[in-house]
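Asker: Input: one structure, supplied below.
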Amino acid sequence: MDFIAKEITLGTLVFIYTIYGNVVGPMFGFVWGMRSFYRAMADFQDLFEYGKVENEIEDKFNAEEIKIEKGTVEFKKVYFGYQKRQLFRDFNLKIKANEKVALVGHSGSGKTTLVKLINRFYDVSSGAILIDGKDIRNFKQESVREQTGIVPQECILFDDTIYNNIKFSNPKASRREVIRAIKLAKLDEVIREFPKKENTIVGERGVKLSGGEKQRVSIARSILANKKILILDEATSSLDSETEHKIQEALAKLLEGRTSIIIAHRLSTIMNADRIIVMKRGDIIQEGKHFELIKQLGEYKKLWDLQKGGYL
């Protein structure tokens, strides 16, 4: 104590205290700032992945913005393949406005490629894809993608509130519209248990939410985006059967009044589709309603029987 009393004066203590406040405080601020920065960068990376497109094609120099009004989709004499492997040869398919069409088939059948072609991730080798009777190659690829909605298998969430994660799909939406989307997606049944309701932070990549809760956020996003053409890319395949059953009503609300293309693995999720297209190696081998197809001796009945028996 004598040493401290002799060596450190009151002025020195004040100086040390001042330095501590001026240096250590900002250092902690810097550390927390860097933490926020890296979290933001992680979200930015997710956002980049969410909209990332391998730029395989180029727009025409006079390409226009597309405006989808009816939502009809037609594949007309389409030829397309990856490198040396031809997938589609003279492929034809018409989807009417507001029709719910399901695509089923084993891996490599071409169902996912059809969705990529609609979104102009690739262009057809010959033939045409028409939306509202217009060749989509005449329009900017970003414009085409912006006019179609998608509910992916895995919903990408940012480290933000549930509310902001939903509003991301339509930044101009009012609070009333966001809350309406939450209710239609049956997400309100979940978040009423959260202390902060829709203002709950979901964590990085939605770590604080279950798979079913994430998918309801994804459905709410698509309801809010309100696109005339909607794609469900195996939207419930990662969920258990009980959770999947719970969100079927929300999906039904989402599909109302819009053209829907549903890629499905579980056939139980597409029983109410207006039309089911069964694909194999780029060809349509069966089509019809569920109750029609299970009466036929074909690929669909084989898949149905396997799933009923728990083999798929």
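The values are calculated or read from the model by the stated rules, or taken from the named source; none is laboratory data. The model shown is predicted, which means the values in this text are computed figures rather than measured ones. Backbone-built Cβ (ideal geometry, glycine too); neighbour counts: all protein chains shown.
Asker: Sort out which residues of segment 207-216 are surrounded by fewer than 24 Cβ atoms within 10 Å (Cβ to Cβ) and either assigned to a helix (DSSP H, G or I) or not aliphatic (A, V, I, L, M) (or both), and write them in order of number. First the steps, then the outcome.
Answerer: First, the residues of segment 207-216 that are surrounded by fewer than 24 Cβ atoms within 10 Å (Cβ to Cβ): 207-214.
LYS208, SER210, GLY211, GLY212, GLU213, LYS214 - these are the residues of segment 207-216 that are surrounded by fewer than 24 Cβ atoms within 10 Å (Cβ to Cβ) and either assigned to a helix (DSSP H, G or I) or not aliphatic (A, V, I, L, M) (or both).
Asker: Return yes when THR148 is touching a residue at least 12 places away in the same chain (Cβ under 8 Å), assigned by TED's automatic domain parsing to the domain that holds SER268, touching a strand residue (DSSP E or B) at 6+ places or on another chain (Cβ under 8 Å) and surrounded by fewer than 19 Cβ atoms within 10 Å (Cβ to Cβ) and no when it is not. Quick ask: steps written out before the conclusion?
Answerer: On the way: touching a residue at least 12 places away in the same chain (Cβ under 8 Å): yes; assigned by TED's automatic domain parsing to the domain that holds SER268: yes; touching a strand residue (DSSP E or B) at 6+ places or on another chain (Cβ under 8 Å): yes; surrounded by fewer than 19 Cβ atoms within 10 Å (Cβ to Cβ): no.
Considered against the rule, which asks whether it is touching a residue at least 12 places away in the same chain (Cβ under 8 Å), assigned by TED's automatic domain parsing to the domain that holds SER268, touching a strand residue (DSSP E or B) at 6+ places or on another chain (Cβ under 8 Å) and surrounded by fewer than 19 Cβ atoms within 10 Å (Cβ to Cβ), THR148 comes out as no.
Asker: Can you name every residue in segment 213-249 that is aliphatic (A, V, I, L, M) and closer than 24 Å to TRP304 by Cα? Walk me through it before giving the result.
Answerer: Restricting attention to segment 213-249, the residues satisfying the condition of being aliphatic (A, V, I, L, M) are 217, 219-220, 223-225, 229-232, 235, 239, 247.
Matches in segment 213-249: ILE231, LEU232, ALA235, LEU239, ILE247.
Asker: Is there a residue being modelled with pLDDT of 90 or more, part of a loop (DSSP other than H, G, I, E, B) and closer than 15 Å to GLY71 by Cβ anywhere in segment 131-153?
Answerer: yes
Asker: What tally of residues in segment 89-120 results from selecting those that are within 22 Å of LEU293 (Cβ to Cβ) and either basic (Lys, Arg) or in a strand (DSSP E or B) (or both)?
Answerer: 12
Asker: Could you tell me which residue of segment 178-198 is farthest from GLU244 (Cα to Cα), considering only residues that are among the basic types (Lys, Arg) and outside any helix (DSSP H, G or I)? Walk me through it before giving the result.
Answerer: Quick first cut of segment 178-198, residues among the basic types (Lys, Arg) only: 180, 183, 186, 192, 196-197.
Those left that are additionally outside any helix (DSSP H, G or I): 186, 192, 196.
Values: LYS186: 13, ARG192: 20, LYS196: 25 Å.
For segment 178-198, the residue satisfying everything is LYS196.
Asker: Let me ask you something else. Given the options ILE277, ILE247, name the one that is β-branched (Val, Ile, Thr), assigned by TED's automatic domain parsing to the domain that holds THR112, in contact (Cβ under 8 Å) with a residue 24 or more places away in the chain and touching a strand residue (DSSP E or B) at 6+ places or on another chain (Cβ under 7 Å). Before you say what the answer is, go through the steps one by one.
Answerer: On the way: ILE247 fails: touching a strand residue (DSSP E or B) at 6+ places or on another chain (Cβ under 7 Å).
Just one listed residue meets the conditions, ILE277.
Asker: Sticking with this structure for a sec: Among GLY105, GLY133, GLY149, which is under 16 Å from the mean Cα position of the chain (by Cα) and of a type in the set (Gly, Ala, Ser)? Spell out the reasoning first.
Answerer: Values: GLY105 fails: under 16 Å from the mean Cα position of the chain (by Cα); GLY133 fails: under 16 Å from the mean Cα position of the chain (by Cα).
Every option except GLY149 fails the conditions.
Asker: Sticking with this structure for a sec: Could you identify the single residue in THR72, THR12 that is out of contact with any helix residue (DSSP H, G or I) (no Cβ under 9 Å at 6 or more places or on another chain) and modelled with pLDDT of 90 or more?
Answerer: Details: THR12 fails: modelled with pLDDT of 90 or more.
Answer to the selection: THR72.
Asker: Under 8 Å between Cβ atoms, which residue pairs at least 6 apart in sequence (or on different chains) link something in segment 90-104 that is without any contact (Cβ under 8 Å) to a residue 40 or more places away in the chain with a partner that is part of a loop (DSSP other than H, G, I, E, B)?
Answerer: From segment 90-104, the pairs are LYS94/THR72.
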